[in-house]
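See below for the structure under consideration.
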Amino acid sequence: MVKNSGIPNRVWNSKVRIFLCHIALPLLVVSCFPGKQDKQKSVDKSPAKGIAMDAFRLSQITVPSNTAYNSILEGFDRSDLQNIDSALTIFANNKADSLSRDSMLISFNEYMTAVIQEYYTGKLLGNRQLMDHFESKEDPAEALKLTASLAAHGIEITYREGDFYLEPNLAFVYDHLGKALTIGSRDYLQTKISLSKVLLGDNNQPVSPPDSLARQVLAWEDFMVNNPEYLAKDDIQSQYIDVFTTYLSGFEQLPLFDPNTKMLQPVYQHSYIQYIEKNPNRESTKIVKKFYDLLASKGFKYEASFDSFLPEVDFIPNQNPK
């Protein structure tokens, strides 16, 4: 079972249990760009799948664009986890402009997604022997060995309810790309990394579901205000609207109103009050306060008029940094 989240691509924000993104592009001639950008030199042009490169060859590749980076990734064998590291190394050595580097992050996401999917399908799916190792409390050695092996390539594995879940370790990706990232992509990954701990508050104590949603709203609002022209802004805006809408409408496991009394659930009321008090100058706070005032005017009891509130809201904040 594969779980994914992180790089600016909607695949890693998917709620489905299996990756839906499969890269099925034809293999192209692979051109590498060692040395200075104006001295491009071709490397092995074999169309065979599974190009392997040693550390020296990798260190000589300095791609000038996302197109060149994609061409190299298309030649990498997706069944070899080592190629995740190779893809990161080539990215880190790039000579591309800012826009291309943001595109390269999306390309890397797509490649890593494909590698993780192939690993899950080929190694984990239906592997009863491996499941036994993860279920064993007496002899967890094999499970620990696999966990460490995947971690070495930036992949986190968890096992629960008879299935394996894989996801990229974004801190691993961030550490390996470092200064090769644009300011926007660096901010994006930092935001995603911080949100991976969204369910924990001070002293690592769990927070309520509404409060975890509030944290996501705040984090994405900050990102959009500070990075108004980021390449993946449309996807980020969609994610922001989704989480903000859920914050103001509830979700199946925890409805906004008590099903029996039709009264606003106390956990939401508390969260809204805290949001308004702690974030007085945000545009998102204006929306939360307007909704809270509407709820208060009706005695916090559900009325059909509430249903027309969200469709009329312009969620996107003014994207001019202060």
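Taking 19 Å as the limit for the C-alpha separation, the pairs Lys192/Lys289; Lys262/Lys298; Lys233/Lys286; Lys123/Lys145 exceed it in the case of Lys192/Lys289; Lys233/Lys286. Within the same chain, aspartates and glutamates fewer than 8 places from Lys278 are excluded, and of the rest, those with a Cα less than 16 Å from its Cα are Asp202, Asp211, Glu221, Asp222. For the stretch 139-230, the list of trypsin sites (Lys or Arg not before Pro) that fall in a loop by DSSP and count at most 12 other C-beta atoms within 10 angstrom reads Lys197. Straight-line reach from Lys95: taking Cα to Cα under 12 Å and skipping same-chain neighbours fewer than 8 places apart, the aspartates and glutamates in range are Asp38. Projected label points at Leu130 and Phe300, each 7 Å from Cα along the beta carbon direction, are separated by 4.9 nanometres.
The simple spin-label model puts a point 7 Å past each Cα toward its Cβ; for Glu229 and His176 those points are separated by 3.0 nm.
For the stretch 197-312, the convex hull drawn through the C-alpha positions has a volume of 123 cubic angstrom per residue.
Bear in mind these aren't lab numbers, they're just calculated from the coordinates by the rules spelled out. As the structure is a computational prediction, the values presented were derived from the model and not from experiment. Don't worry about glycine lacking a Cβ; one is built from the backbone with ideal geometry, like all the others, and counts go over all protein chains shown.
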